[in-house]
C-alpha cells in the first residue's frame, strides 16, 4: 500500500515516524517550503522535512498544492492512501480524488469544535478543560470531513500550547496507529459532523497576542499560556513591546510577599494595566477583576528573563501603566 504523508510542524512528526517504524510503505512526504526564521531570516526546513530526510524519504515542497504541476508531481507517486497532520494547506479535489483508500487527517481537536489552523492554541486561550484528536476523512471544506475516531486529552491548569502540542501529537500518533489496519482494509465507517455544533479556530493574529488588562485575570492567564512557546503575549511599556511568557495561576492566592487585591481596598479602583508591585517573586499588574502576577517577561530588545532577573535593574516601578 503506497502511502503519501503530508505535514509540516513538530506535531506531525510522531505520526510520520510511526508509519515508518510500523513498516508501512511511505513513498513520499509533502511539507511546506523552507521558511526564513530568526533575526537573520535563515531559510529553515520544517520539522517534518527534517524527519523525512533523516528517514531517507523523498520530500516534496510545493508552494501551492492547488497548482496543476504540484498535483501531477504527487500523482506520479501513485498514492493509495494519503495521511495528513497539520499540513497547512487545504487540499484540492484533484488531490483528494487521487488515492483509492482516501485522504485522512489527524486533527488536533474534538471535531466539529475548533475547525481550522490553530485549534490547540485557541482551546487553551478559551479556557477549555478538555480537547483531543480526531481522525477524519478529508473533504473539500475546512475540517468538515466524516470522523473515523476520536480520543480525548485533558487540558491541565499549567499546560501551555507547547506542552499540549506534545500530548496531542502523541495521542494522534497512537490513534492513527490503532486505525491504520482498518484504513488499509477500508473504507472505514465514519460519522458525519454536525455542522450546527461547529466552532472555528483561525490562525492567530498580532491582535490575538496583545493583552487586554480590562479582561479577567483567568482570561489573561489563559491567553499567555496559549501563546507559549510560539509568539508570546505582549503589552506596551513606554511605547515598546513588553512580552509576557509566564504568569502565576490566578486561582492560587497564596503568593508570599506579593500584594493581592481585595474587594474594597484602595487599589481596587486602580486602572487595569497598572503595576501594583515589583519584586523577585514577580510583577503584579491590575486586571479587570483583581491582579495577575507575571513570572517571565521580555523587555524590547532583550531576551526572556525571570521576574527576579528583570526586577534587579528594571526601571519599572509601582504605578507604571502597561497598555
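Just so it is clear, none of the values below were taken in a lab; they were calculated from the coordinates. Because the structure is a prediction, the values reported are computed rather than measured. Neighbour counts are summed over all protein chains in view; Cβ atoms, including those assigned to glycine, are modelled from backbone coordinates with ideal geometry.
Quick notes on this structure:
- Beta-bridge orientation, region 2-197: approximately 50 percent antiparallel, per DSSP, counting only bridges with both partners inside.
- Zone residues, region 124-145, relative to residue 178, backbone N less than 19 Å from point 7 Å out along Cα-to-Cβ: 130-137
- Ranked by how many other beta carbons lie within 10 Å on average, peptides 272-283, 29-40 from highest: 272-283, 29-40
- The length gained on full extension between residue 305 and residue 140, counted as 0.36 nm times the residue separation minus their Cα-Cα distance, comes to 54.9 nm.
- Label point at residue 271 placed 7 Å out along Cα→Cβ; residues across region 193-225 whose backbone nitrogen lies under 20 Å: 210-217
- Taking the C-alpha atoms only, the angle from helix 217-226 to the longest principal axis of the chain is near 40 degrees.
- Volume in Å³ per residue [convex hull over Cα atoms, computed for region 3-81]: 92
- Tilt relative to the chain, helix 161-185 - C-alpha long axis, 0 to 90 degrees, to 10: 20
- Over the chain, relative contact order from alpha-carbon pairs under 8 Å, at least 6 apart, %: 13
- For region 1-55 versus region 174-200, the gap between their alpha-carbon centres in whole angstrom: 22
- Mean Cβ count within 10 Å, highest first, over the residues of peptides 77-86, 223-232: 77-86, 223-232
- Protection proxy ranking, highest mean first, for peptides 177-188, 119-130, 14-25: 119-130, 14-25, 177-188, where packing is the per-residue count of other beta-carbon atoms within 10 Å, averaged.
- Applying 1/(1 + (r/R0)^6) with R0 = 45 Å to the Cβ-Cβ distance of residue 73 and residue 152 gives a FRET efficiency near 0.75.
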